[in-house]
Amino acid sequence: MLPHSFLLHALMIYLDNAATSFPKPEPVYQALDRFARTALANPGRAGHRMAVQAEGTLDQGRHLLNQFFRGEAPQRWIFTLNGTDALNLAIKGLVQPGDHVVTSDLEHNSVSRPLRALERAGVITLTRLESEAGYLDPAAVAKALRPETRLVVLTHAANVLGTVQPIEAIARIVRQADSLLLVDAAQTAGVVPIDLKTTPIDLLAFPGHKALYAPTGVGALYVGPRARPRPWREGGTGGDSSSEVQPEEYPYFLEGGTPNVLGVAGLIAGIDWVNEQGQETLRRHEIALLTRVVDWVEAEGAAIGWRIAGRWDPETHVAPLSLVPPEGLSPSDLGGILDSSFDIAVRPGLHCAPYIHRRLGTFPDGTIRLSPGPFNTPDHIDALLKALTEITAGVV
């Protein structure tokens, strides 16, 4: 008999994939179980075969990432704890006193908080660009650049709105200005192809636990040849132990401490699965499900007070979609009702991105964010829409 907890989650309609994808593809679970049982040793810290196998998994992961994103070299891929860790590693390793940094109101707190802290400390000056209906204008980026602009930090797709930014055009503008571009690909890695050979992105940060289907606790930072961040975390590297400071060889220069090699094993399996399915196929599935929601809002939901936050364009959109509920129905209450009464998991609130909610006029209550994944079905969406209709009828 299946345990109660398994049955509970099997019955849940999970629409919070923008936070963490669930469930994972079966090959990921299999890879995690196999690696944990056979090779979960400390990579590079010993000469025995399990340690060598663990180190080989890290090497395999770097090669796979380099192929997937078409980077310069495998050693330029730094394994991190998550996307937040990767962004902090880049931001705090690069900026110096007197630098100017450009960012936007679309950013997750993983970008906004370290930049705001540096600004408040007087280390940098900061320009925060305003988006329009969830999109940035490349011309506004160009206008914001100064001779002292060291870094431009932008999301590839807004985690609140799912709007994919024109990062190719922005990257060319930043490169022409001889500034560095750091892209937060948390919502696009795995569903929107990113080609580092054709798009001049200097640093790319993302977690593994979203659309690359790895477990939590693993992410990556790509460091291109124009960037040379200082080590933010120093410690053991498994080699060159005699050096008094962090060895300058990549990836070890930025990768102190024992990495989450089990997570990397899951990341490899997740990327392999994405490659088998096709990134555009996965995105199109999610967009088809979201289209059902948009159609409901336009046909029925708007009449009872529902609206979509940001501009809906299926060609430049990924899974996150935020709904603004009718007057008198708070996102937090709605999320609780969906969870407890309908077994539907969504994400209410500010989604760690307060600046865009201020811009949208949805601060401080936020929105209801739904984000389908590859294992959701039209029936799941129909159940959500039926629940929203029923709840609204009882309140409005």
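The values are calculated or read from the model by the stated rules, or taken from the named source; none is laboratory data. Computed from a prediction, not measured in an experiment: that's the story for all the values here. Positions of Cβ are generated from backbone atoms using ideal geometry, with glycine treated the same way; all protein chains shown enter the neighbour counts. The accessibility values were calculated without ligands, DNA or RNA, using every heavy atom of the protein model including side chains. Shrake-Rupley method; radii C 1.70, N 1.55, O 1.52, S 1.80 Å.
Please tell me if residue 71 is out of contact with any Pro (no Cβ under 9 Å at 6 or more places or on another chain), buried (at least 20 other Cβ atoms within 10 Å of the Cβ) and more than 23 Å from residue 357 (Cα to Cα). Taking the combined requirement at face value, the residue satisfies it. Of everything in the stretch 322-357, what is polar (S, T, N, Q) and open to solvent by 20 Å² or more (accessible area, probe 1.4 Å)? Give them in sequence order. The answer is 330, 332, 340, 341.
Among the conditions (1) touching a Ser or Thr at 6+ places or on another chain (Cβ under 9 Å); (2) assigned to a helix (DSSP H, G or I); (3) open to solvent by 20 Å² or more (accessible area, probe 1.4 Å); (4) not aromatic (Phe, Trp, Tyr), residue 379 misses just one, which is (1).
The conditions of being hydrophobic (A, V, I, L, M, F, W, C) and open to solvent by 20 Å² or more (accessible area, probe 1.4 Å) are not met by residue 35.
Exactly one residue among 319, 288, 302, 269 is surrounded by 20 or more Cβ atoms within 10 Å (Cβ to Cβ), in a helix (DSSP H, G or I) and of a type in the set (Gly, Ala, Ser), and that residue is 269. Between 366, 336, 373, the distinction of being touching a Ser or Thr at 6+ places or on another chain (Cβ under 6 Å) and modelled with pLDDT of 95 or more belongs to 373 only. If the Cβ limit is 8 Å and pairs must be 6+ apart or interchain, which residue in the stretch 166-184 that is on the phi < 0 side of the Ramachandran plot pairs with which residue that is open to solvent by 40 Å² or more (accessible area, probe 1.4 Å) and among the hydrophobic types (A, V, I, L, M, F, W, C)? From residues that are on the phi < 0 side of the Ramachandran plot, the pairs are 173/142; 177/142.
Note on the stretch 247-266: residues that are under 17 Å from residue 232 (Cβ atoms) and part of a helix (DSSP H, G or I) total 3.
Just to be sure before I move on: is residue 208 within 21 Å of residue 25 (Cβ to Cβ), crowded, with 24+ Cβ neighbours inside 10 Å and not hydrophobic (A, V, I, L, M, F, W, C) in the structure I sent? When the stated conditions are applied, residue 208 passes them.
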